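Each remark here refers to the structure printed beneath this line.
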Amino acid sequence: MQGSNCRRHSSLLPGTVTMAVRIMQAARAVLLAAVVVAMCSSVTDGAVTPLKIGFYGTTCPQAEQIIFDTMLRIFNTPIDPLNPEIGPNVAPDLLRLHFHDCFVDGCDGSVLLDGPTSEKAAAPNVRLEGFIVVDQIKAALEAACPQTVSCADILAFAARDALKLTGGFGYDVPAGRRDGLTSSGAGAVNNLPNPTESMSQLSAKFAKFGLTKEDMVVLSGAHTIGDVACHHIDNRLYTFRSRTRSDPSLPLPFLLQLKAICPSPGLQLITVSMDQVTPLTFDSQYYRNLQTRRSVLSSDQLLFTDARTRPIVNQLAKSNTVFFRAFAKAMVKMGNIGNLRGTDGQIRTDCKIVNAPVAA
C-alpha cells in the first residue's frame, strides 16, 4: 500500500444528520482508520518484504550476468561421462533444483544443504544434480559481491537461464529471498510429487502451496527437457496390471522404443529423456506428446487423459509463445512460495552449509 493512503479518515458529518447516524458513522470511521493504520504499519514495519525485480541492482548489479555466464560456460563444455553435471544437462538440472527447493519449506535454498537427513539425501532427490554448478556460481558471486546474493535466488535465476540456454526465453525474476537454516528429508518425501501418483494426489500437493491445476499443468512442461531414471517408468513398461504387464495406452512403437532404452525393470543408473522428440529443447512439444499418448511418465499422461486438465494441455500445445508466457507466470508464482525475506534466515557464503555463528 502506498504511503499516500496511510492516513486517518475524517469522521465529520453535515449538521443535518441525526445524532444516531453521526455516532454510527463516527464508529465506522474509527474502525476503518484503525484497519488502514494497521495495514500500513505492517508494510512500514517490514513485516512483509516483497520480492523485487532488480533486487541486486545496487548491491551486486552484475549478479544475474555472472550466473548466466557461468551456466553458459558449463552448458557449452563437452559432455564428460564421468561428470554428468557438465554439459547441456546443466539446464534441466538447475530447473529441477529450483522446483524441488520450493516444494519443501518454500524457496529457501534448503535443497542445497548437506546432511544425512537433509532434502538432498531424501529418496525423491537422490538423482538431483547440479550442485557442483551451484557451487561454482556461488564462488563467482562471492568473489564479486561477498555475502550478498542468496543461494535461493541463485536457483531462481538459474532456472530462468536454463530456459534461455535451451531455446526458451528470458523473463524477469523477482528476488530478495533469504537462505534457510534447516533442510528436511521428510518434507521432501511428503511434499514432492511422485511420478506414479493419481491426479487427486498430484493436485493436492500443488494446492498445498497455492498452485492451481492450471499451474500444475504449466509447470509440468519443465519435463520438455531432462531425463528420468528407468525404474520410474517400470509401472508403464513392466509392472502394469494387464496381461502383457505393459500400459496398453502406450502406442506399440513408442512402447518398444522405451523398452529398448530401459530393457529390464529396476534400472536406476540408466536414464530416459522425458521428451523423446526434442529432449534438449525447451518448447511445447511436451504437450503434443501428451496428445499422442507418447508421454514417458504416467503422471504426465494423466494431464491429458483427465478431462479437467485436458483443455489446458490442448491450449499449451498450440504454440511455444502460449507455453512460454504461461510458464514464466507460473514460475514467478512458484518462486513466491514461503520465502524467507528481510532479516529472516541468512545469506550463506557456501550453499552446502549454514554459516558459522558470528562471535558476540
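The values are calculated or read from the model by the stated rules, or taken from the named source; none is laboratory data. Source: prediction; values computed, not measured. Glycine gets a Cβ as well: all are built from the backbone with ideal geometry, and neighbour counts include every protein chain shown. What goes into the accessible areas is simple: the full protein's heavy atoms, side chains included, and nothing from ligands, DNA or RNA. Shrake-Rupley method; radii C 1.70, N 1.55, O 1.52, S 1.80 Å.
Points worth noting:
- In the range 54-68, of all residues being in a helix (DSSP H, G or I) and either without any contact (Cβ under 8 Å) to a residue 24 or more places away in the chain or open to solvent by less than 40 Å² (accessible area, probe 1.4 Å) (or both), the one that is farthest from LEU280 (Cα to Cα) corresponds to ALA63.
- Filtered by the rule that a residue be crowded, with 24+ Cβ neighbours inside 10 Å and either over 20 Å from ARG341 (Cβ atoms) or touching a strand residue (DSSP E or B) at 6+ places or on another chain (Cβ under 8 Å) (or both), the range 94-109 gives LEU94, LEU95, LEU97, ASP108, GLY109.
- Highlighted here are the helices (runs of 4 or more DSSP H) found entirely within the range 198-277 that include at least 2 residues which are over 20 Å from the mean Cα position of the chain (by Cα): 234-237, 252-261.
- Selection within the range 337-360 - assigned to a loop (DSSP other than H, G, I, E, B), within 16 Å of the chain's Cα centre (by Cα) and either crowded, with 17+ Cβ neighbours inside 10 Å or among the aromatic types (Phe, Trp, Tyr) (or both): ILE337, ASN339
- For the range 274-300, filtered to residues that are among the hydrophobic types (A, V, I, L, M, F, W, C) and surrounded by 16 or more Cβ atoms within 10 Å (Cβ to Cβ), the residue that is nearest to PRO88 (Cα to Cα) is LEU280.
- Subset of the range 328-357 [hydrophobic (A, V, I, L, M, F, W, C) and touching a residue at least 40 places away in the same chain (Cβ under 8 Å)]: ALA328, ALA330, MET331, VAL332, MET334, ILE337, LEU340, ILE347, CYS351, ILE353, VAL354
- Yes/no for ASP215 being touching a strand residue (DSSP E or B) at 6+ places or on another chain (Cβ under 9 Å) and at pLDDT 95 or above: no
- Some residue of the range 301-320 being of a type outside the set (A, V, I, L, M, F, W, C), open to solvent by 20 Å² or more (accessible area, probe 1.4 Å) and within 28 Å of LYS52 (Cα to Cα): yes
- Among residues that are out of contact with any Lys or Arg (no Cβ under 8 Å at 6 or more places or on another chain), farther than 23 Å from ASP108 by Cβ, of a type in the set (Ser, Thr, Tyr) and surrounded by fewer than 20 Cβ atoms within 10 Å (Cβ to Cβ), THR182 is not included.
- Filtered by the rule that a residue be under 27 Å from VAL332 (Cβ atoms) and either in contact with a Cys (Cβ under 9 Å, 6 or more places away or on another chain) or in a helix (DSSP H, G or I) (or both), the range 114-131 gives GLU119, LYS120, PRO124, ASN125, PHE131.
Residue-wise test of (1) in contact with a Ser or Thr (Cβ under 9 Å, 6 or more places away or on another chain); (2) over 26 Å from ILE270 (Cα atoms); (3) open to solvent by 30 Å² or more (accessible area, probe 1.4 Å).
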{"residue": "VAL189", "(1), (2), (3)": "no, no, yes"}
{"residue": "PRO195", "(1), (2), (3)": "yes, no, no"}
{"residue": "GLU214", "(1), (2), (3)": "yes, yes, yes"}
{"residue": "GLY221", "(1), (2), (3)": "yes, no, no"}
{"residue": "ASP227", "(1), (2), (3)": "yes, no, yes"}
{"residue": "LEU237", "(1), (2), (3)": "yes, no, no"}
{"residue": "ARG241", "(1), (2), (3)": "no, no, yes"}
{"residue": "PRO251", "(1), (2), (3)": "yes, no, no"}
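- Scanning the range 140-170 for residues that are open to solvent by 20 Å² or more (accessible area, probe 1.4 Å), among the small types (Gly, Ala, Ser), part of a helix (DSSP H, G or I) and within 13 Å of MET71 (Cβ to Cβ) yields a count of 1.
- Enumeration of residues in the range 321-336 that are open to solvent by less than 50 Å² (accessible area, probe 1.4 Å), closer than 17 Å to ARG177 by Cα and part of a helix (DSSP H, G or I): MET331, VAL332, MET334
- Only one of the numbered conditions (1) acidic (Asp, Glu); (2) at pLDDT below 95; (3) touching a strand residue (DSSP E or B) at 6+ places or on another chain (Cβ under 8 Å) is violated by GLU85, and that is (3).
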